[in-house]
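Working notes, structure below.
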Amino acid sequence: MLLKAQWVAGCCIVLAGCAAAPPAPLPAHLLWQDQAFGYDATSVSVSKRDLFQLEAELLSKLHDPGIQNSSVGHRLHHLVSLLFGPETKDFPYSGGHSTIAAETWRRKSGDCLSLTVLAYSLANALDISVQMQEVRVPVFFDRRGSVEFLNRHVNVLIRGVGQLYLKDGSIRSGDVIIDFEPQIASRREGSALSDDGIVARFYNNIAAEYLAQGDLTLAYAHFKAAILADPGYSPSYSNLAQLYKRRGFLQGAERLLLHAIALNDDADIALRSLHELLVSQGRESEALKYAEILRARQDKDPYYWLGVGLHHLQGGNYQKAVSALEHAQALTRGFQEVHRYLAIAYWRAGKPIQAKNQLSVLTSLMVGELGFAALGRENQ
């Protein structure tokens, strides 16, 4: 998905992240600028119920007694058939716009947040115990015109379902992850998301879309809705700060960024944005402190270096990719994706022996893993 962080003309907007123990909430008079943005609460037309609601015809089919009275494994198999069966021919990933469950079903496509919401709603209708989760992925920016989006990822985890027959004829049991985009870390258990947490992420995505289009009024309304839905979701504060910066509310933007940093252990975008904000005001000595904090965090973050490695790999800079991925490898153990992409980087850099060694490590990790059945296009 899901999830985007947006870099706009020297500003940064984030749509993902998991909150730690929150500090005291910002007082309303320090947080909102309703009058300046012509705020109208009714402009946010999608409610929590709307986001998860399925169409009546589909619900009727899901509530068929023959399905509802069957085993959990049979109901999960039905869910998988709906999402990846011959009738739908898979729900393809379609980035750039988040949609409610009913619309995603009609479109038969969506971003990872949209598809996660749909899978969650279908599972609930089938009385399957299901959890939405956010998983860490490499730091990787996607430029669209003058805006850069930092995509984060969500998917669905279903625990202890018994035997499940996959399309390739194999049988899996235990926990299952349903993932619509073959993303790095899609096989890992992530941080559980509540309904309110996913609603906040939905509003935040919609707000980012409006901001990219230059509609600051609707962007403000949806960022505010995201914060009200889940006050502990830090990217909404960081993104709202970019809106304030555009309008010249620099003190408010700074306050929001500091709050986002206090909320979240994964606050690199907020740190980067705060650094730029301070530099733009000539406060270089203060800015330097945050640049040093960011640099120290990134230096110890394997996901950051994995993202750097993938960037160089895609750009054909294979030796730089090797260097970044070796750094990621030194920071972690058992990280399958690091070994997979390091093998590719070594091979393309003309180092076949090192590549084969990495593949051996990867094979040993895959054999020994507890793992999940990760259902998605990679299994087709």
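Between R49 and I353, how high is the FRET efficiency from 1/(1 + (r/R0)^6) when r is the Cβ-Cβ distance and R₀ = 51 Å? Nearest 0.05. Once rounded, the FRET efficiency stands at 0.30.
Using 21 Å as the Cα-Cα cut-off, could you pick out the over-long pairs in K300/K320; K224/K245; K61/K108; K48/K245; K320/K356; K108/K224? Violating the 21 Å limit, Cα to Cα: K48/K245; K108/K224. Among 292-305, 201-214, the peptide with the highest mean count of other Cβ atoms within 10 Å heads the list, and the full ranking is 201-214, 292-305.
Peptides 271-279, 190-198 ranked from most to least packed, by the mean per-residue count of other Cβ atoms within 10 Å: 271-279, 190-198. Label-to-label distance for R246 and I293 is 2.6 nm, based on points extended 7 Å past Cα in the beta-carbon direction.
Rolling a 1.4 Å probe across the protein heavy atoms gives region 272-347 an accessible surface of 52 Å² per residue.
Subtracting the Cα-Cα distance of E286 and S81 from 0.36 nm times their residue separation leaves 68.3 nm of extension gain.
Scoring 98-105, 109-116, 36-43, 358-365 by mean Cβ neighbours within 10 Å over their residues and listing the highest first yields 109-116, 98-105, 358-365, 36-43.
The values are calculated or read from the model by the stated rules, or taken from the named source; none is laboratory data. Nothing here was measured: the structure is a model prediction, and the numbers come from that model. Note that each Cβ is placed from the backbone with ideal geometry, even for glycine, and that neighbours are counted across all protein chains shown. Heads up: the accessible areas ignore ligands, DNA and RNA and are worked out on the full protein's heavy atoms, side chains in. Shrake-Rupley method; radii C 1.70, N 1.55, O 1.52, S 1.80 Å.
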